[in-house]
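Colleague: Pasting a structure here, questions to come.
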Amino acid sequence: MSVRASILQKLRAAPRQELARPDLAGHFQRFGGREDEIARLRHWAAMMRSVKTDILWTREAEWDAALAGWLAAHPQDSLLLSDTAHGRRLAHSLEGVDKAPRIVCFDREVDGWKAELFDMAAGFTAVRCGIAATGTLVLWPDEAEPRTMSLVPPLHIALFDAATLYPDFYSAMQGENWAAGMPTNALLISGPSKTADIQQTLAYGAHGPRDLLVLALLPPHIAIHDVEGEAR
């Protein structure tokens, strides 16, 4: 018997001990906090604004008009949209609007239009959910809305349903049932792309978008002035 086989034989013959499954829910409950829904929204907004994020509170029925108004006040040369329901809705809303950006749909292979793609001013994507504790957005890029759309343009505009804001990361994984099917790429975004050197000089936009605008859709039972509160 070889040395390798002897070692493996001893390992297989060693007594096995069943380990108890850790209480993950109990562990993460300590970090989740006990704030109510409005307090969580305020905390999430304060955390995101602390890292150079703009938040535009709006409603499901009017987010496209709200974004069109924001774009009129902050003109962009071009806007990258996906062939999705929210992408088509925004494109329709911007038709004929004064100072509207040039609309480009992400419907081609990247290699065929790199020069144009890397010259886009803004990209618009949807968000899977949010995490209040850390001021975070969770994105699950897919074939219809790939990571490139939220990575390449210097301005990322994110559509976020605030009803999907969870207290902490564990709650988000449980609430969104991640165990049923993990994505190939899950993104946790807390503000625009940033990095710091050894002298602790923080720079935005070094490896991704320089600016982040979140269209936060409030549930009907929450008023905008409720979440603005003292966080603004």
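The values are calculated or read from the model by the stated rules, or taken from the named source; none is laboratory data. Everything numeric here is computed off the predicted structure, so don't read it as measured data. Reconstructed Cβ throughout: ideal geometry from the backbone, glycine too, with neighbour counts over all protein chains shown. For the accessible areas, the whole protein counts, side chains as well, though only heavy atoms, and no ligand, DNA or RNA atoms are used. Shrake-Rupley method; radii C 1.70, N 1.55, O 1.52, S 1.80 Å.
Colleague: Compute the separation of the alpha-carbon centres of the stretch 129-208 and the stretch 19-90 and state it in Å as a whole number.
Modeller: 10
Colleague: Right, something else. When the Kirkwood radius is taken over all Cα pairs of the stretch 1-155, what Stokes-Einstein diffusion coefficient follows at 10 °C and 1.306 mPa s, in µm²/s? All intermediate terms of the calculation are to be shown ahead of the outcome.
Modeller: Values: Rh = 19.7 Å.
Approximately 81 µm²/s, per Stokes-Einstein.
Colleague: Translational D (Stokes-Einstein, µm²/s) of the stretch 1-75 at 20 °C and 1.002 mPa s when Rh comes from the Kirkwood sum over C-alpha pairs?
Modeller: On the way: Rh = 18.7 Å.
Result for D is 115 µm²/s.
Colleague: Treating only the Cβ atoms of Lys and Arg (+1) and Asp and Glu (-1) as charged, compute the dipole magnitude of the chain about its Cα centre; round to the nearest 20 debye.
Modeller: Working: 23 positive and 29 negative charges, 244 e Å.
Charge dipole, the chain, about its Cα centre: 1160 debye, nearest 20.
Colleague: Turning to a different aspect of this structure: List every residue whose amide H lies under 5 Å from the amide H of residue 129, counting only residues 5 or more places away in sequence or on a different chain, with H placed 1.01 Å from N in the peptide plane.
Modeller: 138
Colleague: Additional query: Less than 27 Å apart at the alpha-carbon level, and either on another chain or at least 8 residues along: which lysines does that give for residue 99?
Modeller: Result set, ordered by chain and number: 52, 114.
Colleague: Continuing with this model, one more query. Compute the helix-to-body angle for 3-13: its Cα long axis versus the longest principal axis of the chain, expressed 0 to 90° and rounded to tens.
Modeller: Result, in degrees: 90.
Colleague: Rounded to the nearest percent, how much of the accessible area of the chain (1.4 Å probe, protein heavy atoms only) is carbon and sulfur? Present the calculation step by step, with values, prior to reporting the outcome.
Modeller: On the way: 7130 of 13520 Å².
Ligands and nucleic acids excluded, carbon and sulfur reach 53 percent.
Colleague: Would you please give the residues with an amide H less than 5 Å from that of residue 81, counting only those at least 5 places away or on a separate chain, with H modeled from the backbone geometry?
Modeller: 104, 105, 106
Colleague: Could you tell me how many degrees, from 0 to 90 and to the nearest 10, lie between the Cα long axis of helix 63-73 and the main elongation axis, the longest principal axis, of the Cα atoms of the chain?
Modeller: Helix 63-73 sits roughly 60 degrees off the main axis of the chain.
Colleague: Something else about it: In degrees, nearest 10, range 0 to 90: what is the angle between the Cα axis of helix 85-94 and the longest Cα principal axis of the chain?
Modeller: Here the helix axis deviates by roughly 20 degrees.
Colleague: Right, something else. Which of the GluC sites (Glu not before Pro) found in the stretch 79-116 are in a DSSP loop and have at most 16 neighbouring Cβ atoms, other than their own, within 10 Å? Could you put the intermediate results ahead of the total?
Modeller: On the way: sites: 95, 109, 116; in loops: 95, 109.
Passing sites in the stretch 79-116 are 95, 109.
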